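K.L.:
Got a structure here, written out as structure tokens. Questions coming.
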Amino acid sequence: MFVTVMFGAGCRELVNPWCNLVTLKTHLKRRGQVPPDATIALLAEDGQLVSLSQGLEEGASQAPTMGSSLLQERGTYVLVQVIMGEGGAPTRYESLLENLEDSHPELAEELRWLSGLPSLGEARRRRAGARRGHQEQGPPSRSRRMGSLPPKAR
């Protein structure tokens, strides 16, 4: 069993998740050049966020959690850094794959949604709607003005 993890400037790495979750996280942090104390997760191609902290919380069972229990065989994942919000701020999710918006726009939208940010698609629609609304409120078109004139007598 293996999975593909994408990070950096288009880097792809085959990873064997049949190992202890702590070992898997340590390896991914080292390869993705993430600080050891950072929290990471994996974003699947279908938009599902896979937390790599499951089973590692205090009070969890002593049996080591295997990475394979969380990941889909032969799946492709984007390495994500989880930035916990402080003082009531929401948690943010940042892709560690450069230019995610260009290569996987649907996954970039998913991360924006998970972070509580407005969708880029919605922002574009709002701007376009504002432009259309502005045009509709402008002076009436020539055809409307002509339509309001009395008909010519024949």
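K.L.:
Could you check how many residues of the stretch 22-35 are open to solvent by less than 80 Å² (accessible area, probe 1.4 Å) and not in a helix (DSSP H, G or I)?
P.N.:
3
Every residue, every condition in (1) open to solvent by 20 Å² or more (accessible area, probe 1.4 Å); (2) farther than 15 Å from L96 by Cα; (3) out of contact with any Leu (no Cβ under 7 Å at 6 or more places or on another chain); (4) at pLDDT below 95, yes or no:
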site	(1), (2), (3), (4)
M1	yes, yes, yes, yes
R12	yes, no, yes, no
N20	yes, yes, yes, yes
D37	yes, yes, yes, yes
A41	no, no, no, no
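K.L.:
Residues R154, R74, R112: which one is within 22 Å of A38 (Cβ to Cβ), basic (K, R) and at pLDDT 50 or above?
P.N.:
The conditions single out R112.
K.L.:
Also, quick follow-up: Say whether the condition of being in a strand (DSSP E or B), touching a residue at least 24 places away in the same chain (Cβ under 8 Å) and touching a His at 6+ places or on another chain (Cβ under 8 Å) is met by at least one residue in the stretch 64-86.
P.N.:
Checked the stretch 64-86: at least one residue is in a strand (DSSP E or B), touching a residue at least 24 places away in the same chain (Cβ under 8 Å) and touching a His at 6+ places or on another chain (Cβ under 8 Å).
K.L.:
Within the bounds of the stretch 53-69, is there any residue that is open to solvent by 50 Å² or more (accessible area, probe 1.4 Å), at pLDDT 90 or above and either of a type outside the set (G, A, S) or under 19 Å from C11 (Cβ atoms) (or both)?
P.N.:
Within the stretch 53-69 (the criterion being open to solvent by 50 Å² or more (accessible area, probe 1.4 Å), at pLDDT 90 or above and either of a type outside the set (G, A, S) or under 19 Å from C11 (Cβ atoms) (or both)), the answer is no, since none of the residues qualifies.
The values are calculated or read from the model by the stated rules, or taken from the named source; none is laboratory data. Fair warning: this is a prediction, and the values are worked out from it, not measured in the lab. Every residue, glycine as well, gets a Cβ built from its backbone with ideal geometry; the counts of neighbours run over all protein chains shown. Quick note on the areas: whole protein, heavy atoms, side chains included, nothing else; ligands and nucleic acids left out. Shrake-Rupley method; radii C 1.70, N 1.55, O 1.52, S 1.80 Å.
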